[in-house]
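Just so it is clear, none of the values below were taken in a lab; they were calculated from the coordinates. Only a predicted model underlies this, so the values are computations on that prediction, with no experimental measurement involved. As a convention, Cβ positions derive from the backbone with ideal geometry for all residues, glycine included, and neighbour counts pool all protein chains shown.
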Amino acid sequence: MFAHLSPQPKDKILALMAAYKEDPRDTKVDLGVGVYKDASGNTPVMRAVKAAERRLVDEQTSKAYVGLAGDPAFSDAMIDLVLDGAVARERVAAVATPGGTGAIRQGLELIKLAAPDATVWISNPTWPNHPSIIKYLDMPMAEYRYFDEATRGVDFDGMLADLKLVKAGDVVLLHGCCHNPTGANLTADQLQQAISAIKDVGAMPFVDIAYQGFGDGLDADGAATRAIAASFDNVLIAASCSKNFGVYRERTGILMAIARNQDERDLAQQNLSYLNRQNYSFPPDHGARVVTMILTDPVLRADWEAELEDTRLGMLDLRQQLASELRRLSNSDRFDFLATHRGMFSRLGTTPEKVEKLRADHGIYMVGDSRMNIAGLNADTIPVLAKAIIDSGI
Ligand code: PMP
């Protein structure tokens, strides 16, 4: 049986992590894997998460199964966090999923059930798991232009031109905020134009929001998703709690399906529960329960929001420090895009050869497409990275 298996493509980021671990240089800098790290390189358990977990241990009286869609209180709290009333609650079907990845997977499977021939359009570039899962599900896929290699901003003309090629009934996958891997995001005006373009062709948006609170603030980061949700009859939204609650390994996420009316919502809800049943039955509960407790308890929520805001401002400060150090060393403003980008990542915009040179000569580890995890930096490593970038002729 297993002899018939063929090797699967290796995960490049995990390979990079392994290489970093083996590098003996004490000056090495890890800008690879997409996990938030504080100034000492730790990925902390957030204060409110610890407090909620303690309370859960004391108060939980049963570990019996919850429903196939997860705890309805989790759905309510997350729909409120992400959509903030942008669409009527009775139009929204939702299931808890194992992380944002699980939500993306279930959303794609729902599309497959409803419209097996629909093409899923993804940004070029995007988070590599998007094409990987779409290909695995054997769904038609196409790319729209997104990143301008010259400005390191959004290639908005290219994006709009490509959105015109989308067919009625297709799906356009969009990042809700903090685009991964580029860090480049649409302005509010560009978003409105993109919404119009997607409406004109009769396609459905699928929003992946994995970094709410990491860009311009918890509320501001939900604005694009809300604008999209309010503009279409049908929208899918995959939201991850991994980053903004720091509960990566608990696998906490949610898929929302916005329907035209309550009947359509009930049908979508029933299909989503069915999909959970086929794939893993009941979704993980611990992280979802912790998130629900935090979102619904005013004291925990205030503390969580404060810590998340500190995290966001810390990353913004690192961006500004790096951009200003590069401005000084290069005597130019060509790296100012780093301060304009938002979220945990920025695409530096250089060749795989230069990325390899940064690793070999300077012990700086970033993904081959030159994606840097900004949270991997600190006040000591910013000058090291800036000098290495200039010395490598980037
Ligand atoms: N979407 C994007 C764009 C991401 O970067 C991530 C995390 N790397 C996810 C979804 C989902 O992450 P998780 O499954 O860990 O919640």
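At q = 0.26 Å⁻¹, what is the base-10 log of I(q)/I(0) for region 47-103 according to the Debye formula with one equal point scatterer per Cα and no solvent? Please give it to two decimals.
With one equal scatterer per Cα and no solvent, log10 I(q)/I(0) is -1.15.
Once R0 is set to 51 Å, what does the formula 1/(1 + (r/R0)^6) return for the Cβ-Cβ distance between Ala142 and Ala64, expressed as a FRET efficiency to the nearest 0.05?
0.70
In terms of modelled amide H atoms, which long-range or inter-chain residues lie less than 5 Å from the amide H of Glu143?
Ile122
Could you check what % of the DSSP bridge pairs in region 65-296 are antiparallel, to the nearest 5?
Around 45 percent antiparallel, to the nearest 5.
Counting other Cβ atoms within 10 Å, keep those with at most 13, restrict to DSSP loop, and tell me which chymotrypsin sites (Phe, Trp or Tyr not before Pro) in region 13-89 are left.
Tyr65
With N set to the residue count of region 345-394, report its C-alpha Rg divided by 2.2 N^0.38 Å to two decimal places.
Taking the Cα Rg and dividing by 2.2 N^0.38 Å, one obtains 1.00.
Assuming a strict under-17 Å limit between Cα atoms, what lysine pair count do you get for region 65-296 once near-sequence pairs (fewer than 8 apart, same chain) are dropped?
Pairs that pass both the separation and distance tests number 4.
Once you have the Cα-Cα distance between His286 and Asp76, take 0.36 nm times their residue separation minus that, and quote the gain in nm to one decimal.
74.0 nm
Label points 7 Å out from Cα along the Cβ direction at Gln278 and Leu165: separation in nm?
With each label point 7 Å from Cα toward Cβ, the separation is 3.0 nm.
Please work out the Kirkwood hydrodynamic radius for region 65-296, using every pair of different C-alpha atoms, and report it in angstroms with one decimal place.
Averaging 1/r across every pair of different Cα atoms and inverting gives 17.4 Å.
In which sequence would Met78, Met17 go, from the one with the fewest C-beta neighbours within 10 Å to the one with the most?
Ranked by crowding around the Cβ, least crowded first: Met17, Met78.
Report, as a whole number in µm² per second, the diffusion coefficient that Stokes-Einstein gives for region 177-289 at 37 °C and 0.692 mPa s using the Kirkwood radius over alpha carbon pairs.
211 µm²/s
Which lysines, if any, have their Cα less than 21 Å from the Cα of Lys387, not counting same-chain residues under 8 positions apart?
Lys28, Lys354, Lys357
In degrees between 0 and 90, to the nearest 10, how far off the longest principal axis of the chain does helix 12-22 point, with axes built from Cα atoms?
50 degrees
Where Rh denotes the Kirkwood radius from the mean inverse Cα pair distance, what is Rg over Rh for region 135-240?
0.94
Alpha carbons only, please: Rg and Dmax for region 229-315, in angstrom.
15.8, 45
At 222 nm, what value in deg cm²/dmol follows for the chain if DSSP H runs of at least 4 each add -39500 (n - 2.57) and the sum is divided by all its residues, to the nearest 500?
Computed mean residue ellipticity for the chain: -14000 deg cm²/dmol.
Nearest 20 debye, what's the magnitude of the dipole of region 65-296 about its Cα centre given +1 on Lys and Arg Cβ and -1 on Asp and Glu Cβ?
Rounded to the nearest 20 debye, it is 480 debye.
Go through region 45-142 and name the trypsin sites (Lys or Arg not before Pro) that are in a DSSP coil and have 15 or fewer other Cβ atoms within 10 Å of their Cβ.
Answer in residue order: Lys63.
From the phi angles alone, apply the Karplus equation (6.51, -1.76, 1.60; θ = phi - 60°) to region 363-374 and give each ³J(HN,Hα) in whole Hz, x where the residue is Gly or Pro.
With coefficients 6.51, -1.76 and 1.60, one gets x, 9, 9, 9, 5, x, 7, 6, 7, 10, 8, 4 Hz.
For Gln190 and Asp333 in one chain, what is 0.36 nm times their gap in residues minus the Cα-Cα distance, to one decimal in nm?
49.1 nm
Can you give the angle from 0 to 90° between the axis of helix 188-201 and the longest principal axis of the chain, with both taken from C-alpha atoms, to the nearest 10?
50 degrees
I'd like the per residue volume of the convex hull spanned by the Cα atoms of region 296-378, given in cubic angstrom.
In region 296-378, the Cα convex hull volume per residue is 109 Å³.
Of all beta bridges DSSP finds with both residues in the chain, what is the antiparallel percent, to the nearest 5?
Bridges in the chain are about 45 percent antiparallel.
Amide H neighbours of Asp208 under 5 Å, counting only residues 5+ apart in sequence or on other chains, H built in-plane at 1.01 Å?
Distant-sequence amide H within range of Asp208: Leu174, His175, Gly176, Ala238.
I'd like the antiparallel share, as a percent to the nearest 5, of DSSP beta bridges with both residues in region 197-273.
60 percent
Which value in Å is the Kirkwood Rh of the chain over different Cα pairs?
About 21.8 Å, per the Kirkwood formula over Cα pairs.
For the chain, take the longest principal axis of its alpha carbons; what is the angle in degrees between that and the long axis of helix 381-391, to the nearest 10 within 0 to 90?
60 degrees
With N denoting the number of residues in region 25-164, provide Rg(C-alpha) divided by 2.2 N^0.38 Å, to two decimal places.
1.40
Working out 0.36 nm times the residue gap between Lys50 and Asp157, then minus their Cα-Cα distance, what length gain in nm do you get to one decimal?
The Lys50-Asp157 span can extend by a further 33.9 nm.
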